[in-house]
Amino acid sequence: MRINPNVVAARFVRDLRVREENLSKYHHQLSSGRRIEWPSDDPVAAGESLRLRAALREVDRYMNNSEEARSWLEVADSALNEAIATMQRVRELNVQAANGTLSTDSRKAVLEEVKELSNHLVQVGNSMYGDRYIFAGQKTKTMPFDTAGGYHGDDGTLLREIGPGVRLVINVPGDQAFGSAFAALADLQAALEADDVGALGGSCLEKVDKGLTDLLNARTKLGGTLSRAEMSYYRLKDDRYSISKLLSDTEDVDMAEAIFRLRTEENAYRTALAAGAHIIQPTILDFLR
Amino acid sequence: MESTFRALQVARSALNAHRKAMDVAAHNVANASTEGYSRQQVVLTATSSSSPYYTGQTGITYAGYGAQDATKGAIGYLLGTGVTVHTITRMRDAYLDLQVRNESTRWGYWKTRSQGLMQVEVIFNEPSESGLASIMNRFWDAFELLAANPESSAARNTVIAEATSLSEAFQDASRKLDDLAGSMDKALEARASEITSLARQIAHLNDEIAGLAGTGAEPGDLLDRRDLALDRLSELGDIEVYNDHSGGVSVMFGGIDLVRGTDWREIRYVSPGYGVRMEEGPVFGPGGPYFVVGAGGSFDGGLVAAEGNTLVPVRVNGGETKAYLDMRKDYLPKIAEDLDALADALRSRVNEVHRAGYGLDGVSGRQFFADGSGARDLRLHDDVALSPEKIAASLSGAVGDGSNALSLAAIRREAVCQGATPGDFYNSIVTGLGVAGHEAKRMSENQEVLRSHVLDQRSGANGVSLDEEMVEIIKSEHAYQAAARVVTSVDEMVSTIIDRMGLVGR
């Protein structure tokens, strides 16, 4: 092929332009830390990146939910512990009062204490998590128990999603947990006022025991859920790490590799400049007298 | 007896010829960087004598000289009479031109397509935090948050905020795609004008060239200008060039006659959706009415050749115009359609699930998104936008229940859009775009290399080499100087006769 200086110059410029484009690309990769700027850079990786980002966001949400569920359940657990302790004291008093040898005055004292314990139980039943009642079923803005122990909540379940389609029930409706306890307290107070020793030793004690049992069951159930929430949190944490790593592998530039490429390209650029400058300069005019 | 001053005549022809050779070399040097310039070369021929010289020897025959003259004798020799410029040729290889134009057509196509697809990528801006994918993720996440906090006005306001972001993102993308289509229409109009202008130039040059054809000279510069116009035309679309007998060229563009001798046609662009039908009968178009000639069916936009009131469709098969047309008529509408489908699927399914739930006011049957069609129309229903407490998070009606919000968030896993989940459907749009863009980039780079190669070959064949021209100039200079010396010599010889003969004893 016949080469003339125009061709030489054109090729030189073209090759330089390619070098400059590459330089710019590697430089941009380094300064942005990203390997993919546009989907056309690497379509498959771009699709992966979108998928992983969605997954990451979901995992974060589930982790959040697990944490929140855990908190909620711990509050419920502690409330139920308090309730159980209260009812255990009630049982002691019940047994005491059922003893036929107790005086009327002593029985009055017991009544007073039982009244106090009943009020306390109402307070515990009206425990809150932030600004929401935890034992009111789904009517979280309504105080579940009135002073007489009447229930104004519902029996709805509160759900928290800790995985795709995986939902935890984090509550026990108030009447399921406390209902029988309040019923027992009402009967107990009535029996104490009536000095009905027979009832005190018989049906009252049975009802108090039922109240305790229901509270214990509620605590056990929520305790199990708490374990699940904890396990799920740690599992999600691992998942999050894996997804983050995959995402970084897909999207991010390998710094060492990018620096290496940039250096290589810089050298190539300098070489091209030097070689080009060397051959485009001399013409025959330099040699004619 | 021949003329004494014969040698002078010969020298004079040399002076003329070499001066012209110098002119041509100077012209080449002056145009060394002119785009499309083909170097010119002078062709010198020796001129032969008008009559042979006779030896005076009779009786001898020299083979190959024909009959002798009885008195003058055999033919001795022919004496040359100098040099003349036979012609000035233009160094141009038609085959290389053909190759350059073919590669240019392909290059024009892929380069334009690559740029167009990059503009679409910019519209979608993925992968990034501000792209539609991230916004959709945040939208589902907001419902998840609401599910755990249905009583909270902060959570509800977050849902409104993210839903508004989502709506705006869809509307924005839709609008930008429309804008891009509009700018492609403008680009096509500009290209159509350019094609018309080039056609006119070529026809005009044909006329000028034909005018000079009779003289036998080759109008190099006019031919260069015409070739330059043809080069640019080949970038715009697929062309075929035929030489006609009067030095002109006929050009076919996209399968129709664009230039024939001194006649040329106007090319226009009709945008899709203009409703121009391919049948005989008055149809209205820009500056209309027009009659469109062709088979039955419909003409959905493209380039047309205009002749008075008639439009003839031009089926371009390559070049910049084809790239624009492909994007404008196929690619952009498909992407816009997909975006609309996604928006419609979201709107309909979200509304369906939302209707089943209850707001904080205990009312159900409400819509989340307002009625509409397509991405352009995706927006919140006024009910919900003005009163976040009306968002139907609850399924039982109780304020603490967030299960409907959970169902709304779960839509992200439902195959609501043409058998795919919203995320997967959108991903496939983005990946498809990436694949197309990647291919176009690659093809564009390849074509760049191929085109550069044939351009170099052509430049090598046609182009001016300053080194060569300098040598030519020196050659001519020396020849000129030598011829001048001949003149001086003859002058001295003649002055011997004039000044020094017949002066015996002086």
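The values are calculated or read from the model by the stated rules, or taken from the named source; none is laboratory data. The structure displayed is predicted, hence computed values, not measured ones. Ideal geometry is used to build each Cβ from the backbone, glycine not excepted, and the neighbour counts take in all protein chains shown. Quick note on the areas: whole protein, heavy atoms, side chains included, nothing else; ligands and nucleic acids left out. Shrake-Rupley method; radii C 1.70, N 1.55, O 1.52, S 1.80 Å.
Surface analysis of the stretch B:94-462 yields an accessible area of 40 Å² per residue, using protein heavy atoms and a 1.4 Å probe. Mind telling me which of A:227, A:71, A:31 comes out most flexible in a GNM of chain A, alpha-carbon contacts under 10 Å? Largest GNM mean-square fluctuation: A:31.
Please give me the summed charge of the neighbours of residue A:38: other residues whose Cβ is under 12 Å from its Cβ, Lys and Arg +1, Asp and Glu -1. Result for the local shell: -1.
Between residue A:34 and A:253, the built amide H atoms are under 5 Å apart, and every one of these is 5 or more places off in sequence or on another chain. Peptide B:143-149 is shielded by partner chain Cβ atoms: per residue, an average of 5 of them sit within 10 Å of its Cβ. Return a whole-number percent for the relative contact order of the stretch B:175-251, with Cα pairs under 8 Å and 6 or more residues apart as the contact set. Rounded, it is 30 percent for the stretch B:175-251.
If you take the beta carbon distance between residue B:363 and residue A:120 as r and set R0 to 51 Å, what does 1/(1 + (r/R0)^6) give as a FRET efficiency, to the nearest 0.05? With R0 = 51 Å, the Cβ-Cβ based efficiency is 0.85. Peptide B:462-470 has a mean shielding of 5, counted as Cβ atoms of other protein chains within 10 Å of each residue's Cβ.
When N counts the residues of the protein assembly as shown, how does its alpha-carbon radius of gyration compare numerically with 2.2 N^0.38 Å, as a ratio?
Working: Rg = 48.0 Å, N = 795, 2.2 N^0.38 = 27.8 Å.
Ratio of Cα Rg to 2.2 N^0.38 Å: 1.73.
Using the structure shown, list the pairs from A:245/B:176; B:176/B:390; A:25/A:237; A:108/A:210; A:25/B:334 with a Cα-Cα distance above 26 Å, or answer none. Over 26 Å Cα-Cα: A:245/B:176; B:176/B:390; A:25/A:237; A:25/B:334. Modelled this way, with points 7 Å down the Cα-to-C-beta line, the labels at residue B:348 and residue A:89 are 6.3 nm from one another. With each label modelled as a point 7 angstrom along the Cα→C-beta vector, the residue B:3-residue B:172 pair spans 8.9 nm. Per residue of chain B, the DSSP helices (runs of n ≥ 4 H) give a summed -39500 (n - 2.57) that works out to -18500 deg cm²/dmol at 222 nm. Per residue, the average separation of C-alpha pairs within less than 8 Å and at least 6 apart gives chain A a relative contact order of 29 percent. Per-peptide packing, taken as the mean over residues of other Cβ atoms within 10 Å, places B:322-328, B:148-154 in the sequence B:322-328, B:148-154 from highest down. Highest mean first, the peptides A:181-189, A:11-19, B:436-444 sorted by other C-beta atoms within 10 Å per residue fall in the order A:181-189, B:436-444, A:11-19.
Angle check, please: helix A:43-98 long axis (alpha carbons) against the longest principal axis of chain A (alpha carbons), in degrees 0 to 90, nearest 10. Once rounded, one gets 20 degrees. Length gained on full extension, residue B:210 to residue B:446: 81.0 nm, using 0.36 nm per residue less the C-alpha separation. The charge dipole of the protein assembly as shown, taken about the Cα centre with unit charges on the Cβ atoms of Lys, Arg (+1) and Asp, Glu (-1), comes to about 2740 debye, rounded to the nearest 20.
A Cα-only calculation for the stretch A:13-142 places Rg and Dmax at 33.1, 114 Å. Amide H to amide H, with H built 1.01 Å from N, residue B:82 comes under 5 Å of B:47, counting only residues 5 or more places away or on other chains. Compared with the dominant Cα axis of chain B, that is its longest principal axis, helix B:6-30 is turned about 10°. Which angle from 0 to 90°, rounded to the nearest 10, does the C-alpha axis of helix B:332-355 make with the longest principal axis of chain B? Between helix and principal axis, roughly 0 degrees. Computed from the Cβ-Cβ distance with R0 of 22 Å, the FRET efficiency linking residue B:300 to residue B:130 stands at 0.05.
Sorting the segments A:123-129, A:47-53 by their mean number of nearby beta carbons within 10 angstrom, highest to lowest, gives A:47-53, A:123-129. Computed from the C-beta positions of residue A:274 and residue A:21, the FRET efficiency with R₀ = 22 Å rounds to 0.70.
Here the label points at residue A:30 and residue B:221, each 7 Å from Cα along the C-beta direction, are separated by 5.1 nm in the simple model. Surface burial for A against B, with a 1.4 Å probe and both sides summed, reaches about 4400 Å² of accessible area. Inter-chain neighbour count for B:416-425: the average number of beta-carbon atoms from partner chains within 10 Å of each residue's beta-carbon is 1.
Computed across the stretch B:64-197, the Kirkwood radius stands at 22.9 Å (inverse of mean 1/r, all Cα pairs).
Distance from the C-alpha centroid of the stretch B:437-506 to that of the stretch B:360-413: 86 Å, rounded to the whole angstrom.
Using a cutoff of 8 angstrom between alpha carbon atoms and counting only pairs six or more residues apart, the relative contact order for chain B works out to 21 percent.
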